[in-house]
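In what follows, a single structure is set out as C-alpha cells and then discussed.
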Amino acid sequence: RTFARKGSAMKAIIFMSCADSVDFHHKALIRADASSEKGTAEDDSDSGIDVNNSSLSNKKDDMMLPAPSISNPANPVTAYRLHGSLPQADRTRITQAFSKSTNASLLIATDVASRGLDVPNLDLVIEYDPAFSKEDHLHRIGRTARLGKDGRAIIFLSPGGEEGYINVLKSSYKTTDTNTTGNVTGMTVDDVLQKGFSPATGTVASKKEIEVAATEFQLAIERWVVADPKVREMAGKAFMSHVRAYATHIASERKWFDIKGLHLGHLAKAFGLRDPPAKVNVQGLRGAKAIAKGGNDRRRIVASSSEGAKQVGKVGERVLRADVNVDVAEERQKRKAADVDETVDAEVSAAKMKALTRNRRLMMGAGADEFNLA
C-alpha cells in the first residue's frame, strides 16, 4: 500500500541485518511470478524491462529491477539492493540511480546505507531487522526527514523480549510538555497486515479477507523457494546469516535480542523455508544438521518415530544456536588442543627442572642449591 497511490514518487529504504538477507528479499520482490499473482504481467513500459524475463536475474542490472509484488500498472516500483559485498563501482552506481530516480523506488540495504547517503525526498525508512545498537538506529532513521522535511521511520520488533527495546528508542528522542513519547507510537500485527493487504481501491477489508491475502502471499513465497534449488539455497544462506547476525547486538542491548529466545522455526518461515531449522544446510556453511552429526560432545539421536524426530529437531536448534558465534565448537576444540599442548610443555619443563635441581644437589652435597640464597 505504501506505493499504491497513483503518481506516487515515494522513496523508501528497508534495512536488513546482512547481505544475504538483502539479496534474498530483493530477489523475492523482483521475481517474475509475482506479476502473475497480482495480475500485472505486462511489461514495465517506463523502464523498458520485461519483468517476466527470468534471465534478467543473472545479469548485472538485477541490482535494480521492477518489483511486481509491490507495484501496480498505474504506479510501477523499482527495487534496488545495496550492501558492502558489492564492488565499489556497483555501490556508487546504485546509490546514484536511486538518488536521481523520479519514480517510486525502494532500496533494500544493510547498514552500508546508514551513513554518508544523502537521498533527496526520502519519505520512509523501514528497519525490518533492528539495528545492532541504538547509535546505528539513529544513523538509519537519519536518512529521512533531512533539512527540515517530513519523514517517517518504522521498526519491526518480535513479540516478547524485543518489545522492551521501545523504551531504549524513546530515550533517544526529545520530548516536550505536550509530547512525552517523542513521537514513538506502536502498531499491532493486525494493524500492519490491515495496511499491507487492504485493497488499493481504498475499501476496508474484513479481518478474514486480510488473513487470506497474507496467507496466500506467504504460500506464494514458499512455493517460489521450493520450486527452485538455487532460490532454496539462497533462502537457507540468508536464514543462517541472519541468525549469526542476530548474535552480534552489543552486550548492553542483548537482553532484548537474546539468541536463546529466537524462534528458529518461525524465522525459517520468514525466509520461505518449509524444512525444520535443523535440516537447513547451505553449501560452504556449517549447518545445524552437519554439526549435529559430528563432534564427540554431541549426542546422536536416531529418529525412528515422530517423537524421535522432535528430539532431533530440538537438538538441531540447540546446535544451531551453539554455532552462531562462528563455529563455537571448533573454537573450543582449538583452545582445548592448545591447552593440552601447553600442559605437555609445562610437564616436560617441570621434569627437566626437577632433574637439574636433583643433579645440583648431588654435586654440592647439601640440601640447598645455589639458588636458595637464604
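Among the residues of the range 266-303, count how many are surrounded by fewer than 13 Cβ atoms within 10 Å (Cβ to Cβ), modelled with pLDDT of 50 or more and part of a helix (DSSP H, G or I).
Of the residues in the range 266-303, 1 are surrounded by fewer than 13 Cβ atoms within 10 Å (Cβ to Cβ), modelled with pLDDT of 50 or more and part of a helix (DSSP H, G or I).
Tally up the residues in the range 124-157 that are closer than 14 Å to Met16 by Cα and assigned to a loop (DSSP other than H, G, I, E, B), please.
Adding up the residues that qualify gives 8.
Restricted to the range 15-25, and to residues that are crowded, with 24+ Cβ neighbours inside 10 Å and out of contact with any His (no Cβ under 7 Å at 6 or more places or on another chain), which residue is farthest from Arg140 (Cα to Cα)?
My answer is Phe24.
Does Glu233 fit the bill of being under 25 Å from Ile30 (Cβ atoms), assigned to a helix (DSSP H, G or I) and modelled with pLDDT of 95 or more?
no
Quick one: how many residues across the range 189-216 are under 26 Å from Cys18 (Cβ atoms) and touching a residue at least 40 places away in the same chain (Cβ under 8 Å)?
So the answer is 1.
So, of the residues in the range 113-147 that are of a type in the set (Lys, Arg) and touching a residue at least 60 places away in the same chain (Cβ under 8 Å), which turns out to be surrounded by the fewest Cβ atoms within 10 Å (Cβ to Cβ)?
This residue is Lys134.
If Lys255 satisfies every condition in (1) in contact with an Asp or Glu (Cβ under 9 Å, 6 or more places away or on another chain); (2) open to solvent by 20 Å² or more (accessible area, probe 1.4 Å); (3) not hydroxyl-bearing (Ser, Thr, Tyr) but one, which is the exception?
Of (1) in contact with an Asp or Glu (Cβ under 9 Å, 6 or more places away or on another chain); (2) open to solvent by 20 Å² or more (accessible area, probe 1.4 Å); (3) not hydroxyl-bearing (Ser, Thr, Tyr), only one is false for Lys255: (1).
Take the residues in the range 179-198 that are assigned to a loop (DSSP other than H, G, I, E, B) and open to solvent by 70 Å² or more (accessible area, probe 1.4 Å); name whichever of them is modelled with the lowest pLDDT.
Thr180
Would you mind stating whether Phe98 is open to solvent by less than 20 Å² (accessible area, probe 1.4 Å) and among the aromatic types (Phe, Trp, Tyr)?
yes
The values are calculated or read from the model by the stated rules, or taken from the named source; none is laboratory data. Keep in mind that what you see is a predicted model, and the values were worked out from it rather than measured. Please note: Cβ atoms are built from the backbone with ideal geometry, for glycine as well, and neighbour counts cover all protein chains shown. What goes into the accessible areas is simple: the full protein's heavy atoms, side chains included, and nothing from ligands, DNA or RNA. Shrake-Rupley method; radii C 1.70, N 1.55, O 1.52, S 1.80 Å.
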